[in-house]
Amino acid sequence: MHGVPRKAPTQEQQQSSSLKAAKLRDLQSQVLHFHTNKIYTKEAIEISAKLSESNPEHYTGWNYRKCAVEYLLQRQSENELDSDSIQSILDEELRVVENALKRNFKSYGAWHHRKWVLSKGHSSTDKELRLLSKFQKLDSRNFHAWNYRRFITALKKIPDEEELQYTTDMIYDNFSNYSAWHNRSVLLSKLLEKRDKGFCDKQNVLGEEYEFVRNALFTDPDDQSGWFYHLWLIDQTLKQEPLLLSSWPGHEYNLYLSADGYFNGHSFPILHFQCKARTFPIILYFSEVVQGVNSSTVTVECEYHAGDDLIWRPLSANKFGFSQAWLTLLKFPDEVRLVEACPVKVTVAHFPGITSKSGMLCSQSSHISFTMSVPSDDQVHTEVQTPQKISWKEENFKALATQSQETNLLHSLSGLEITKENKPTTPKWIMDAISTEIAHCRELLSSTNCKIGKLTLARLLTEHNTLISYGSQDDGTDVRYEEILALYRDLTKMDPGHICYYEDEYSFVLLKQLTSNTESLMKYSSQYQESSSPNMHSYLSLRLNSLSLSRMGCMERVLWVQMLDLSHNKLRSIEGLETLQLLSCLKLNDNKLCSFTALEPLTMLKSLEVLDISSNEIGAHSIDTRRYLCSSPLTHAVGSEWHFEKFDNGDVELKKHWDAFLIFKDLNLIQLEITGNAVVDDQLRAFLFKLMPTLKWLDGENCN
């Protein structure tokens, strides 16, 4: 039991336990023998009953009883006996399960077996409800019983409205009943979806529920049961169709594609996009993770596109295929030598099919139009440029002047300008509901220093800011970023056990604040140009170093970034960077990255040439669970496709550095810094140098 200290058993207790264990082992061996040899005699079934009642967690014992029941029912059917005989067989099973549950009310196997028996029919569901009432008096929060209750009410076809009233009664009896709150959310979800009588107006229903749960929150603010239900209500309130937030290229951009950054003899230090394969990325960034982005739901009109339908693939998809960002590659054929201002039109949600995890359909059609110019081979700058080392020196970063052409470009790049048909707006009742809950949270916190109340207020304010930012794309006057950040700072002090979570949420809000508008972005954006190499390409850079960031997010306004400095932060993961498909230079030194597998998003960045991961914690931890989030190719089925043999020269321990191989094998890095990590040695350096033939500088030294 929770909260009950353990005591050392006495000698008598030890002897008693040993005798029980010996009897239990004997029963188990007998039942396994019966199960293996398909023995279903009366004596064998009685022995299995003793086992199930003594040890309800013995799954094989329950499986044996299922086989025995099926055998007995089949024999009764062959003998054409009456239904009373069948009923007696099933009643015996229910008796055994009831005895097992009396011994262990939380036995998964016993509850599952009881469901199986009821599914056969011939049993009274009224009796089951009476039995449940007895069990729930003993433990009203037991989720096994609540789950079984949902099963029984479905069999009896008890109206959801009636069950909703039952949860109300149980909550009034004990508002700390988490299982009752959860069952209420399940029932309300179905009632709102069916729009039954009294549940057609979602606004009124949720308003009444907010008032209902508020009684519990103000009675005992430290009890989490009501807060979890409150969080579910917020999620239901904010449930809207997914929106296309931004894209690369953006609407009405004029872009130039070249192999070396030159076009018609002129350098385009900011607008140029380098790609030797004459391909160009198109990125769609949604308000939440979605699926269904394909050539049917998204159309791309371009006169010169080579190939069949474009293939859209998710960036950082979860196991169900949902992703917030989606990528496709537009390819210009080699036989088309010159393309001047070729119009490209992208239509999102051309046909229905893009859906969120909650099942909401993206119904608003969005249009993105831009032009692409591609030089012919004889227009490509003829001078062969030797790759230059990126020094990251302060003097090479040029601040963007307030009225400069670069600033106007930055305003255009960071804006979320997308044309929408019948552009959706957030319903007023949603804004009012969130504002009301913010006011009540503040009222509660004025009288108590409640940890979960502060967390809820931070979440509400974050959602409120999000609703405002989507409706007013470049206006940060009505948002409350500083208040949210202060709340998370307080929470890290109040609840140090969850400091990593609070730091991640703090980082998310801070990034949202820094990228909320052009004025804020200006403070962290610059143009990078090596002073020692004036002919070298320049980069539009974003410098987010020394901000104590522990996670990335909010990338919708920075898809244009070519150079990113994230050094001297607290990053344990870089998930989110895979959306920056233009990224060429990345500085990640002095963070808390503990393995090469934490760099997995880099495998999606085909334009990346410069990487600094020095002075992290790679290899510093004897047990690094993150290293094994992806299976080793040495033991995985795909390993045979990776051709390890050409790297096995006897000097490199592939079993030790398989994760480095996984990350770096497809990268075309020119410059890499890895010093200052525990894993680094001469063998690893030799391995990386052989793995990446394009590498020119490793830890500051010229590899040639």
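Every number in this text was worked out from the coordinates using simple rules, so none of it is lab data. Treat the numbers as computed from the prediction; the structure is a model and nothing was measured. Here the Cβ is made from the backbone with ideal geometry for all residues, glycine too, and neighbour counts use every protein chain on show.
A simple packing score, the average count of other Cβ atoms within 10 Å per residue, orders the peptides 516-528, 27-39 as 516-528, 27-39, with the highest score first. In the frame of its principal axes, region 158-200 has Cα extents of 29, 16, 14 Å, reported largest first. Under a model in which nothing but the beta-carbon of Lys, Arg (+1) and Asp, Glu (-1) is charged, region 426-473 shows a dipole of about 160 debye around its Cα centre.
Relative protection proxy for 242-254, 690-702, 9-21, from highest mean packing down: 242-254, 690-702, 9-21 (other beta-carbon atoms within 10 angstrom).
Separation of region 59-112 from region 501-531 is 63 Å, based on Cα centroids. The string of couplings for region 687-703 from the Karplus curve (6.51, -1.76, 1.60, θ = phi - 60°) is 4, 5, 5, 6, 5, 10, x, 6, 5, 10, 10, 10, 6, x, 9, 6, 7 Hz, one whole number per residue in order, with x for Gly and Pro.
Ignoring lysines fewer than eight residues from K523 along the same chain, the ones with Cα atoms less than 22 angstrom from its Cα are K393, K398, K512, K570, K587. What separates the Cα centres of region 155-202 and region 554-588 is a distance of 45 Å.
Taking only alpha carbon atoms, region 1-160 gives an Rg to Rh ratio of 1.02, where Rh is the Kirkwood radius.
Using the average count of surrounding beta-carbon atoms within 10 Å as a protection proxy, the listed peptides 682-689, 657-664 rank, highest first, as 657-664, 682-689.
Each of G497, S531, L547 was scored by the projection of its Cα onto the charge dipole of region 480-599, and the greatest displacement toward the positive side belongs to S531; charges sit on the C-beta of Lys, Arg, Asp and Glu.
Selection among H33, L129, T10 by position relative to the dipole of region 1-132 gives T10 as farthest towards the positive end (Cβ unit charges, Cα centre).
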